[in-house]
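The values are calculated or read from the model by the stated rules, or taken from the named source; none is laboratory data. What you are looking at is a predicted structure, and each value in this text was computed from that prediction instead of being measured. Here Cβ is always computed from backbone atoms with ideal geometry, including for glycine, and neighbour counts include all displayed protein chains. Accessible surface is based on the protein model in full, side chains and every heavy atom, while ligands, DNA and RNA are left aside. Shrake-Rupley method; radii C 1.70, N 1.55, O 1.52, S 1.80 Å.
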Amino acid sequence: MLFFVVLALLNGVLIGTSRTVNGRLSTRKGAFRASVWNHVVGFAFLSVVLLVLRAWPAVTDAPVAAYAGGVFGALFVAVNSHVFPRLGAMSASVLVISGQVLSAVVIDCVQHRALPAPIRLAGVVLVLLGLGLPRLSARLRQKEIHPCPTEKK
């Protein structure tokens with residue numbers, strides 16, 4: 001289990017790094033061109049890996065939903081490439097993770113045809129609050145720097 005936890009954390013580091021690289025490329029070439037390069041290089045890399053492993057998949061093995069996943073993945077990279085340099089790494093990541101957490105709750109509700117246990121919902125609320133703390137902190141600091149003008153009597 002520890003291996004998978006470490007692997008997931010490493011994946012998060014790679015995603016953050018990838019978003020930064022794609023964001024920089026997006027400011028120079030545009031979000032969709034950055035996304036195309038991301039996917040062309042990714043396809044080439046995975047093709048080499050699959051050839052080395054001798055595990056090339058048959059195109060007919062993929063369910064129809066896999067093609068939708070590819071579209072969503074490409075759109076995810078393009079949108080991230082566009083918003084990352086404009087919102088900054090922290091804000092963009094927090095918003096993306098918040099969206100992932102919320103959609104995960106909805107997906108689980110639909111798949112299990114039931115609401116999650118209250119303890120899980122409390123966990124989701126805590127995660128979302130934790131993700132929102134940096135934004136709240138930044139707003140509070142901003143108010144300290146630029147306090148509201150006092151009213152004249």
Legend entry - Test result for residue 65, at pLDDT below 90 and either of a type in the set (Gly, Ala, Ser) or open to solvent by less than 60 Å² (accessible area, probe 1.4 Å) (or both): yes
Inset, instruction - Could you check, for region 44-52, whether at least one of its residues is open to solvent by 30 Å² or more (accessible area, probe 1.4 Å), of a type outside the set (A, V, I, L, M) and under 29 Å from residue 128 (Cβ atoms)? - result: no
Inset, instruction - Name the one entry in 81, 137, 98, 103 that is closer than 21 Å to residue 9 by Cα, part of a helix (DSSP H, G or I) and open to solvent by less than 50 Å² (accessible area, probe 1.4 Å). - result: 98
Inset, instruction - Note down all Cβ pairs under 8 Å where the first residue falls in region 102-116 and is within 18 Å of residue 129 (Cα to Cα), the second is of a type outside the set (S, T, N, Q) and outside any helix (DSSP H, G or I), and they're at least six residues apart or on different chains. - result: 105/116
Legend entry - Single match in 76, 32, 4 (criterion: open to solvent by less than 90 Å² (accessible area, probe 1.4 Å) and among the aromatic types (Phe, Trp, Tyr)): 76
Inset, instruction - Could you list all residues from region 106-129 that are of a type outside the set (A, V, I, L, M, F, W, C) and either open to solvent by 40 Å² or more (accessible area, probe 1.4 Å) or in contact with a Pro (Cβ under 7 Å, 6 or more places away or on another chain) (or both)? - result: 108, 111, 112, 113, 118, 120
Legend entry - Test for residue 60: is it in contact (Cβ under 8 Å) with a residue 12 or more places away in the chain, assigned to a helix (DSSP H, G or I) and either over 18 Å from residue 75 (Cβ atoms) or of a type in the set (A, V, I, L, M) (or both): no
Inset, instruction - Test residue 92 against the criterion of being in a helix (DSSP H, G or I), aliphatic (A, V, I, L, M) and surrounded by 12 or more Cβ atoms within 10 Å (Cβ to Cβ), and give yes or no. - result: yes
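Rundown of residues vs (1) part of a helix (DSSP H, G or I); (2) over 22 Å from the mean Cα position of the chain (by Cα); (3) of a type in the set (D, E, K, R), yes/no style:
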{"residue": "13", "(1), (2), (3)": "yes, no, no"}
{"residue": "24", "(1), (2), (3)": "yes, no, yes"}
{"residue": "28", "(1), (2), (3)": "yes, no, yes"}
{"residue": "33", "(1), (2), (3)": "yes, no, yes"}
{"residue": "37", "(1), (2), (3)": "yes, no, no"}
{"residue": "51", "(1), (2), (3)": "yes, yes, no"}
Legend entry - For residue 23: the one exception among (1) open to solvent by less than 50 Å² (accessible area, probe 1.4 Å); (2) out of contact with any Phe, Trp or Tyr (no Cβ under 6 Å at 6 or more places or on another chain): (2)
Inset, instruction - Given the conditions (1) over 20 Å from the mean Cα position of the chain (by Cα); (2) part of a helix (DSSP H, G or I), report the number of the one that residue 42 does not fulfil. - result: (1)
Legend entry - Inter-residue pairs, beta-carbon under 7 Å, first closer than 18 Å to residue 20 by Cβ and in region 63-80, second of a type in the set (Phe, Trp, Tyr), 6+ apart: 78/32
